[in-house]
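Read-outs: derived from the displayed coordinates by stated rules, not from any lab. Nothing here was measured: the structure is a model prediction, and the numbers come from that model. Cβ atoms come from the backbone with ideal geometry, glycine included; neighbour counts cover every protein chain shown.
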Amino acid sequence: MEYLVEHQQLTSDKPASQMGAKHLVELVKQLIKEKQYDGVALLFTSETESERNVDYLKTVGIDLYHDVCIPNLTTQVHEEQLPLYNCAEELLYLIATYGPLEELLLELLELIEEQKSEYVFSSSLRALQEVLLRMGERKPQVLEWSLNSIHTRIEGLPLPKYLQEGYDKKQGRLLEQNAQIEKLLMHYITLNLFYEPLLNDMLSQQRPLEQKFFDTGINRRNVLCCFLIQMLGKPLSLLDLTADQRRTNTYTIQCARKLTDSATRCLVDPLRLLSVGEQRVRWKRRLNGEKGVHEMSSNNIFLIEEKLPLESLAIYFYMVFVEEVSLNSVPKIYSPLYMFESSLYYVNELLAHEEPPLYERALLLARRLCDKLSTTKIPAISLQLDVHKNFCNSLCNVVGYSSQNFLRQIGVKLLRQYILQFDDEGKYLVLKNLLRTVAHHGISGYLAILYKDLVANALVSAEELPSSFSGKDFHTIFLQYICRLPQGAKTDLIEHADKVISSLNALRFFAIKDLQNRTGLWDIMPEIEKQFLVPLRKGLDISVAHYNAELKRVECGLDAEAEADRKNLEILDIKITNATTESGKLDTELTRQRKTEILNQNLCTFDLIRSILGRTVECIESANRMSKSAVI
């Protein structure tokens, strides 16, 4: 402080112009060297010095930034010399408030992208916030560049690998205990503090007419809106965004809610962007090489993928519909069917990714919008839209092949709910096309039973069956997709067991319940017998004989030779590596036991199929006898 007083006494006797901006830089550096941090603050707060020194920042602000701020804004200084760091941070804020805008802006963007310290990130955003507030409505591209740098910084943060692989509910509750995720969330919390004043400033200058007539051009509000929605995407979308009453309000949910609510403040109506997904996917535009955007989309910032990724927009609508953030802001004029079909484009976008957490968001979003349909039926004509076909295929892939059991469970319920939401013709068309295209035999069996249930309900409730559940349509489903073995008697009955059992149960049901032939089943019964029942009997006989012979060989030890044993294991799809000892040699006793278990399980499956087949044939023969008796 004595040094500062001496300099003030000396300079007070000289004309103000002689002090000069250059002398201010040297004075600040000297005070920093002597650890007189309060003295640096006095230079810009004292009544006698502050006005003149603040004015000097217009010319020497960048010099102070390079000579004082950059060397001292580091993690090491923050941890070892916190007063020095705070001094450098306050000086940076003063430079941002009074210094040259354009030069400092570029320096700050570079600092945000290159510095890895979260402390420096926070200090940089505070200064950048002031620079952008000073710029006001001028140059919205500058705001866009700034936000892009922030997004690049956050997107590049390291994350644990298990976020990509998926996690269950119990693991999801522990995500925020991870150090990398904790650091990510700290960045998001800092980000919230950064954009809030900017958003308030923009909305305060917005005229009433701009709220009613939505401008889709490149302006400050739309640039910030796109950024807020973009930040809802990865990496934040990979965390657990699901809130329930049993859990605390996690940092993840708080950040996601804040981003969603802020984006809605920009949009006023959250569903203003609901049609963007359909516009992007259904009507793809040619690229304009000169402008780097899609044709005609330069007049609509929301149609540019780089500025507003569909994945992020999908998470925004997930937060609105599923987590009910800003849901009260949605006008009541929207049709539930419009909301459902428009949202399917976002559901498909999430299902097209590889991360299981995004699958969960997609399934929950589709389920919630299905619930909103209530009694509204989806007309069959809607199936002309590819979005339904893509949704069905993606949903069946999740149900059949997802590594997460809870996702498969949600998916199965959603598949049923989705199909039942169509009118009768739509239900038939969806089931027929899925039975034709789905490769997973478990799902095919499930769909066969679902069709059986639909026809059964119609038999009870309708005096005259809809055409989709009788006659030609019924014949098509049963002959081509339900009562059919792909390779006849040579079909692998173990692989197709679920489908075969479901088909037999459906056939047996109608043989008992449809004695009046309302569905037209009895008209095709000879063909069913020829192409399904007869080959199935023959296939069962061949399979049982083959497996019994193999079981006898295993029990008698005729497979003891290592090479023969290996080939047999490969046939049965057994991993030999699981049957080795610590020495690496094949444990023949263990593999023989495992083979015996598998063979016995398969023989039990054949017994079950044979039992259901016998009861089915018995029902058919009984119905035929009753029919002949009625004729006599």
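Couple of notes before you dig in:
- On Cα atoms only, tilt of 2-12 relative to the major axis of the chain in degrees: 60
- Scaling against 2.2 N^0.38 Å puts the C-alpha radius of gyration of segment 1-135 at 1.04.
- Take the Kirkwood radius over Cα pairs of the chain, plug it into Stokes-Einstein at 10 °C and 1.306 mPa s, and you get 52 µm²/s for translational diffusion.
- Each peptide in 159-166, 233-240 was scored by the mean count of other Cβ atoms within 10 Å over its residues; highest first, the order is 233-240, 159-166.
- Both radii are taken from the alpha-carbon atoms of segment 122-177; with Rh as the Kirkwood radius, Rg/Rh is 1.22.
- When S468, S342 are sorted by how many other C-beta atoms sit within 10 angstrom of their C-beta, beginning with the fewest, the order is S342, S468.
- In sequence order, calculated HN-Hα J values of segment 610-615 (Karplus, 6.51, -1.76, 1.60; Hz; x Gly/Pro): 5, 5, 5, 4, x, 5
- In degrees, nearest ten, helix 497-513 long axis to first principal axis of the chain (Cα): 60
- In this structure, the residue pairs whose Cα-Cα separation is over 25 Å, taken from K499/K538; K413/K490; K161/K234; K169/K307, are K413/K490; K169/K307.
- Hits among lysines - C-alpha to C-alpha of K58 under 30 Å, sequence gap 8 or more where chains match: K14, K22, K29, K33, K35, K116, K139
- Amide H to amide H, with H built 1.01 Å from N, I378 comes under 5 Å of F422, D423, counting only residues 5 or more places away or on other chains.
- Likely footprinting exposure, M319, M135, M525, fewest C-beta neighbours within 10 Å first: M135, M525, M319
- Relative to the longest principal axis of the Cα atoms of the chain, the long axis of helix 82-98 lies at roughly 80 degrees.
- Between segment 365-416 and segment 595-621, the alpha-carbon center distance in angstrom: 33
- Remark: S402, S467 ranked as S467, S402, counting other beta-carbon atoms within 10 Å and listing the fewest first.
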